[in-house]
Structures are given as structure tokens and as C-alpha cells.
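The values are calculated or read from the model by the stated rules, or taken from the named source; none is laboratory data. Fair warning: this is a prediction, and the values are worked out from it, not measured in the lab. Glycine also receives a Cβ, built like all others from the backbone with ideal geometry; neighbour counts cover every protein chain displayed.
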Amino acid sequence: MAIDQAMSRRLVLGTGAGALIAPTAFAQAAGPVVETAAGKVRGYEAGGVKVFKAIPYGDTTAGANRFMPPKPPKSWTGVRDCLVYGPATAQGSGATPGRAVGPYPSLYRGAPEAQSEDCLILNVWTPATDQAKRPVMFWIHGGGFSTGSGSSPWYDGTNVARKQDVVVVTINHRLNVFGYCHLGGLDPRFADSSNVGTLDCIAALRWVRDNIERFGGDPRRVMVHGQSGGGRKTTMVLSTTPAQGSTSARWCRAARRSASTASRAATPRRGGC
């Protein structure tokens, strides 16, 4: 009798655990799958849009790649789950968290995120993974050139994607000494070290150019915009020579700054943005 009762309890507990696990597994299996140049990614549906988080647009920046221009992401086989945010770039976090605003943490000093040098990732929100060729809003986060990430709750693209029928992209890239420290005087190999954070942003734009159509976006209608430090980065990205070679006027149509120091739209140049 005791054995039967124990087996019954195990059966009930096991069935309950299965009931909890099954929906998650089903949701992952049923989530939208898109094939990128590096491999297939699986997202999920929420708030009326399809969401893909932490898609690699570059290789790790650790080890021999530290202080060097970004390299393309390594390809993978099978389907990569892109269901949760990935790590922010390495950044100090000794400060006391800032004041929360309603349900959101402080914009610059909220709850600490995971940090890693394997941080060249981006997030996509899209109404549908079809061939509608929607405008693309490419967002560069604030935080000066030292902190922040595109994974802040403030930058969630769900409402904008759904209400405006656009594709929203946010990115993580190298910051502080990892992205803007000049070491070329010590070793010529690091001649670009003072600008690799900007080169990361350009690599993300190239990923958009090559892949966003598969997410329902139009690679010929991309607006680069940002807030605070992201506004300044917007101007840097669109005035940098590598960007002019890859983000040509054929597909990068507009940019906006939201930094306090300037509010004019960046003017497209002939042969580039």
C-alpha cells in the first residue's frame, strides 16, 4: 500500500512536471524559424510580433580578437534558439543602481546584465517573417561610450513593430576600453582599436543588409537612430569610411540623432549615407 501511494505521488508529480515543461518545449518547437547567412534561428511570438533575441552578427571579441575589428559570426548547424537576451559587453558595475521609473529600471544603472566579450549580438522584432519589406528601425543604445546595451527594457521593440508595421533592431557592441582605447602606438596590429566599437555597429548594419529581408524588412529602407550616446554613434557610423562602402545610399535612407548636442538629421552623401 505504501509503495502504491509512493508510486502514485511520483506519477502525479511527474505528470505535473511534464505539463509544465511541455508548453515551453512546444512553444520553442512552434516558434518562427528564419535562416540567416550563418544558420537558422528560432524566435517566439509575443504581443502580436515575432521576437528574436541575441542573434550573433559577429564572432567573439575575446582572446586574439580583443581590440581588433569585428569578424563575421561562426556558422552553426541545426536551429539556434534566440529566445532570451544575450550578454552586454564588459563594463564596470560598481555604481549603485539608479532610480527606477514605473515598471522600468534606471535607464543607465538598472539591474546588472550578464557581461561577456562574446557580445556582438542583436535583437529583432517584426510583425511577420514574410516578404512585406517593411521599413527597418536600427537602434543604437545610449550610455555614452562606456555603458549600456540594446537589451534594456526601455528599448523593447514590441509596440513600435506592431503599431507602426516596422522591423526594429537593437544591438550590443563593444564599449569603453574594449571599444574605444587607442593602442596603435604600442602595437601596429591595434591600429583600429580606438574605433572598434563603431566598427561593431557597422558590422551589425551589414548583417541587416544581408539578412533583414528574411525577417520581413526592407534592406533598402533602414533608419539608423539612437539616444544620447547612441545619437553620437549614429553620426560616427554614417560618416565612417567603412560604412560608406557597405551602407550605400541604395539601402540606407535616413538617420536621426537624439543626442542633446545636436538634433539635425544626418545628411546622406553621394556614394554613402
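Checking each residue in the range 213-238 for being surrounded by fewer than 24 Cβ atoms within 10 Å (Cβ to Cβ) and β-branched (Val, Ile, Thr) picks out only 235. The residue of the range 28-86 that is surrounded by the most Cβ atoms within 10 Å (Cβ to Cβ), among those that are more than 18 Å from residue 217 (Cα to Cα) and among the hydroxyl-bearing types (Ser, Thr, Tyr), is 61. For the range 119-158, the tally of residues that are hydrophobic (A, V, I, L, M, F, W, C) and assigned to a strand (DSSP E or B) stands at 9.
Of the residues making up the range 51-90, those that are without any contact (Cβ under 8 Å) to a residue 40 or more places away in the chain and among the hydrophobic types (A, V, I, L, M, F, W, C) are 64, 76, 84.
Mind listing whichever residues of the range 159-204 are β-branched (Val, Ile, Thr) and either modelled with pLDDT under 95 or outside any loop (DSSP other than H, G, I, E, B) (or both)? Residues satisfying the conditions are 160, 167, 168, 169, 170, 171, 177, 196, 198, 202.
Looking only at the range 165-178, which residues are in contact (Cβ under 8 Å) with a residue 24 or more places away in the chain and surrounded by fewer than 23 Cβ atoms within 10 Å (Cβ to Cβ)?
Of everything in the range 165-178, those that are in contact (Cβ under 8 Å) with a residue 24 or more places away in the chain and surrounded by fewer than 23 Cβ atoms within 10 Å (Cβ to Cβ) turn out to be 165, 166, 176, 178.
Can you report the number of residues in the range 48-93 which are in a loop (DSSP other than H, G, I, E, B) and on the phi > 0 side of the Ramachandran plot? Can you show your working first?
Within the range 48-93, the first condition is being in a loop (DSSP other than H, G, I, E, B), and the residues that meet it are 48, 57-62, 66-78, 82-87, 89-93.
Filter once more, so that each one left must be on the phi > 0 side of the Ramachandran plot: 48, 67, 78.
Of the residues in the range 48-93, 3 are in a loop (DSSP other than H, G, I, E, B) and on the phi > 0 side of the Ramachandran plot.
If you filter the range 10-47 down to residues that are assigned to a strand (DSSP E or B) and more than 21 Å from residue 77 (Cα to Cα), you find that the one that is modelled with the highest pLDDT is 45. When the range 179-189 is filtered for residues that are among the charged types (D, E, K, R) and either under 18 Å from residue 203 (Cβ atoms) or touching a residue at least 40 places away in the same chain (Cβ under 8 Å) (or both), only 189 remains.
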